[in-house]
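To start, the structure under review is shown below, and the notes come after it.
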Amino acid sequence: MRTLLPLFIALAGCEFGDNRLLALTTGEPDAAADDVTDAAAPVPDGAADSPDGAVEECTLLPPQTGCPDGQACDLDDLDTGATACRKVDHDGDQTSTCANERDCGAGTTCVEDATGDASCLQFCQRDADCDQPGGACDIEIDDGNGDPIPGVTLCTQSCNPVTASGCPNGWGCQLFSDHTRCRPGGAGGHMSTCAGDEDCRVGFGCVSVGGVLECLRNCRVGALGVCSAISGTTCRSYQTPIVIGGVEYGACL
């Protein structure tokens, strides 16, 4: 399993309606990842051998090549960007949680969130490789020394911030300036204090209101719906509107 650590959203001092920007960085890969068979001589499960006995690399981007049927191409454990074939125990996709890489299908790998939960994320080279309208090729994995593994990026999930469709069960869909991403939901309801979106219940986001960070319900601007269930609130736009797939999203306040 590989670890991903998001930076905090820089909202302190911003009023409600400010654009919600988030930068992503990465953490240290899990040393216990088991996608190779021999720690002393890391030859991956099912790797194709060339005539001279060297392990041939496979391709990460779907449709993957270079692996036998029933196996997937993934990063090896050497933190160099080299690839290797591994087994697939469960054909998980971007709506799936995972315990290790083998829970994820071809084209995806298991990445641990800062909360400790993990999901399958898809390899990419550009935004067009990711599900639209919310997916973005923005996630990097580092090599354990704080440096990105060269040539390796992953998609954020394209999901619905109001319903959380497109996310693993129990995960919320978070809004960024031009894309979405799934993360585990927290316990905070309407106007609960928060440090980040992960502190808020599924369907809510952490927003600065008068300099105080509070959980507010995500909503579609101009549409009747979720805000009617929260007395006295309406769906308000952000100061810099967030429009994804032609839909403007805001928060109930």
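Across region 134-171, what is the total count of residues that are in contact with a helix residue (DSSP H, G or I) (Cβ under 8 Å, 6 or more places away or on another chain) and closer than 21 Å to GLY185 by Cα? Qualifying residue count for the region: 4.
Among the residues that make up region 44-55, is at least one of them modelled with pLDDT under 90, surrounded by 14 or more Cβ atoms within 10 Å (Cβ to Cβ) and out of contact with any strand residue (DSSP E or B) (no Cβ under 6 Å at 6 or more places or on another chain)? Yes, some residue in region 44-55 is modelled with pLDDT under 90, surrounded by 14 or more Cβ atoms within 10 Å (Cβ to Cβ) and out of contact with any strand residue (DSSP E or B) (no Cβ under 6 Å at 6 or more places or on another chain).
Has region 126-146 got at least one residue that is at pLDDT 95 or above, over 25 Å from VAL202 (Cα atoms), over 14 Å from the mean Cα position of the chain (by Cα) and in a loop (DSSP other than H, G, I, E, B)? Yes; the residues of region 126-146 include at least one that is at pLDDT 95 or above, over 25 Å from VAL202 (Cα atoms), over 14 Å from the mean Cα position of the chain (by Cα) and in a loop (DSSP other than H, G, I, E, B). Output the residue which, of all residues in region 156-173 that are in a strand (DSSP E or B) and either of a type in the set (Asp, Glu) or touching a residue at least 40 places away in the same chain (Cβ under 8 Å) (or both), is nearest to CYS252 (Cα to Cα). So the residue we want is CYS173. If only residues of region 208-236 that are over 16 Å from MET191 (Cα atoms) and at pLDDT 95 or above are counted, the one that is nearest to the chain's Cα centre (by Cα) is ARG220. Taken over region 76-134, the residue count meeting the criterion of being touching a residue at least 60 places away in the same chain (Cβ under 8 Å), of a type in the set (D, E, K, R) and out of contact with any Gly (no Cβ under 6 Å at 6 or more places or on another chain) is 6.
Just the residues that are assigned to a strand (DSSP E or B) and closer than 15 Å to VAL152 by Cβ, please, taken from region 105-119. Talk me through it step by step, then tell me what you get.
The initial filter retains those residues of region 105-119 that are assigned to a strand (DSSP E or B), namely 108-112, 118-119.
Scanning region 105-119 gives THR108, THR109, CYS110, VAL111.
If you take the residues of region 147-174 that are of a type in the set (A, V, I, L, M) and at pLDDT 95 or above, which of them is nearest to LEU213 (Cα to Cα)? Give the steps one after another, and end with the answer.
The first filter runs over region 147-174 and keeps only residues of a type in the set (A, V, I, L, M), leaving 149, 152, 154, 162, 164.
Remaining after also requiring at pLDDT 95 or above: 154, 162, 164.
Numbers: LEU154: 29, VAL162: 19, ALA164: 21 Å.
This residue is VAL162.
Give me the residue from region 71-104 that is part of a loop (DSSP other than H, G, I, E, B) and small (Gly, Ala, Ser) and, out of that set, surrounded by the fewest Cβ atoms within 10 Å (Cβ to Cβ). Only one residue fits best here, namely ALA99.
Tell me, yes or no, whether region 182-201 has at least one residue that is buried (at least 20 other Cβ atoms within 10 Å of the Cβ), under 20 Å from PHE123 (Cα atoms) and either modelled with pLDDT under 95 or of a type outside the set (Phe, Trp, Tyr) (or both). The answer is yes; a qualifying residue exists. One residue stands out in region 85-116 among those that are among the acidic types (Asp, Glu) and within 11 Å of the chain's Cα centre (by Cα): the one that is nearest to VAL247 (Cα to Cα), namely ASP113.
The values are calculated or read from the model by the stated rules, or taken from the named source; none is laboratory data. Remember, predicted model here, so these are calculated numbers, not experimental data. With ideal geometry, Cβ positions are generated from the backbone for all residues, glycine too; neighbour counts draw on all protein chains shown.
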